[in-house]
1. Would the stretch 261-274 turn up any residue that is in contact (Cβ under 8 Å) with a residue 12 or more places away in the chain and at positive phi?
2. Scan the stretch 249-272 for residues that are in a loop (DSSP other than H, G, I, E, B) and either at pLDDT below 95 or crowded, with 24+ Cβ neighbours inside 10 Å (or both) and jot them down.
3. Mind checking whether some residue in the stretch 19-32 is in the same structural domain as residue 132 (by TED's automatic domain parsing), surrounded by fewer than 19 Cβ atoms within 10 Å (Cβ to Cβ) and assigned to a helix (DSSP H, G or I)?
4. Within the stretch 66-95, can you find the residues that are within 20 Å of the chain's Cα centre (by Cα), farther than 17 Å from residue 121 by Cβ and in a loop (DSSP other than H, G, I, E, B)?
5. Does residue 100 satisfy the criteria of being in contact with a strand residue (DSSP E or B) (Cβ under 7 Å, 6 or more places away or on another chain) and either surrounded by 24 or more Cβ atoms within 10 Å (Cβ to Cβ) or not in a helix (DSSP H, G or I) (or both)?
6. Starting from the stretch 36-51, take each residue that is touching a residue at least 60 places away in the same chain (Cβ under 8 Å) and list its partners that are in a helix (DSSP H, G or I), counting only C-beta distances under 6 angstrom and pairs at least six apart or across chains.
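The values are calculated or read from the model by the stated rules, or taken from the named source; none is laboratory data. Because the structure is predicted, anything quoted here is derived from the model rather than measured. No Cβ is skipped: glycine too gets one built from the backbone with ideal geometry, and neighbour counts run over all protein chains shown.
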């Protein structure tokens, strides 16, 4: 019997968090919601904040993932209407592309009745995305540190404190990932390289302990964050404001343009109010502040 409809939710994610560039990804409880309904042709309808995306159907991450699953099975995809929504817009450093690819791979495999193991799904999602952190978080949930070992990826589960909460300050403009990578330095000093390695180890400990002094030092980054901030009007001052307002730490979420603010469960409501006022002052009603926590579940089908 042909499938008539499917629905899947995949968590968004924050990544890098300072020195964890192309390594650390943390799933958050802000979901990409994707519905597929059988139709005469394949089309994509974006609702809510996702309406900002202008990608053609063939470039959409969900469609790319579905088509890859069909290629792996050697079977054609049935046509259908894909409706996608999320509480955040694309291009803001919340892993929309990684979540979309994971959703597409899982949907495509289901539609062509191809069993793909978690290992294969992960490998394919990383291959399509080009980097591991958001794809790993979207598929597995939780926090992971990833490292390439020859022809395979190694993923280490990273512990986070039960009271850790996030606030995402989302400006009214995206940052293109290609542009964000263009500004990164090609050569770094020995001192910067050593400091980056030291902070990476400290970051894992700080996420587990939530010691404010450790966490604020751990998220510092001169190699990736500093050059990207030059592309983002008002984002640097927002990071500084968040820390003065009582955040444990603040930095870019992924490549940006959003600010990732780390705080405790007990302080999140007060800090959220302060950040909303500041965002309105900076960007008017176009700015957003979203509250989130670590999402331990990866992508899943809903009945």
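1. no
2. Within the stretch 249-272, 253, 254, 255, 256, 257, 258 meet the criteria.
3. Within the stretch 19-32, not a single residue is in the same structural domain as residue 132 (by TED's automatic domain parsing), surrounded by fewer than 19 Cβ atoms within 10 Å (Cβ to Cβ) and assigned to a helix (DSSP H, G or I).
4. Matches in the stretch 66-95: 86, 87, 88, 89, 90, 91, 92, 93, 94.
5. When the stated conditions are applied, residue 100 passes them.
6. Taking only residues 6 or more apart or on different chains, the pairs are 36/107.
To keep it simple, each residue is scored yes or no on (1) closer than 20 Å to residue 262 by Cβ; (2) modelled with pLDDT of 95 or more; (3) outside the structural domain of residue 14 (by TED's automatic domain parsing); (4) more than 21 Å from the chain's Cα centre (by Cα).
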{"site": "124", "(1), (2), (3), (4)": "no, yes, no, no"}
{"site": "134", "(1), (2), (3), (4)": "yes, yes, no, no"}
{"site": "140", "(1), (2), (3), (4)": "no, yes, no, no"}
{"site": "147", "(1), (2), (3), (4)": "no, no, no, no"}
{"site": "153", "(1), (2), (3), (4)": "no, no, no, no"}
{"site": "181", "(1), (2), (3), (4)": "no, no, yes, no"}
{"site": "186", "(1), (2), (3), (4)": "no, no, yes, yes"}
{"site": "207", "(1), (2), (3), (4)": "yes, yes, yes, no"}
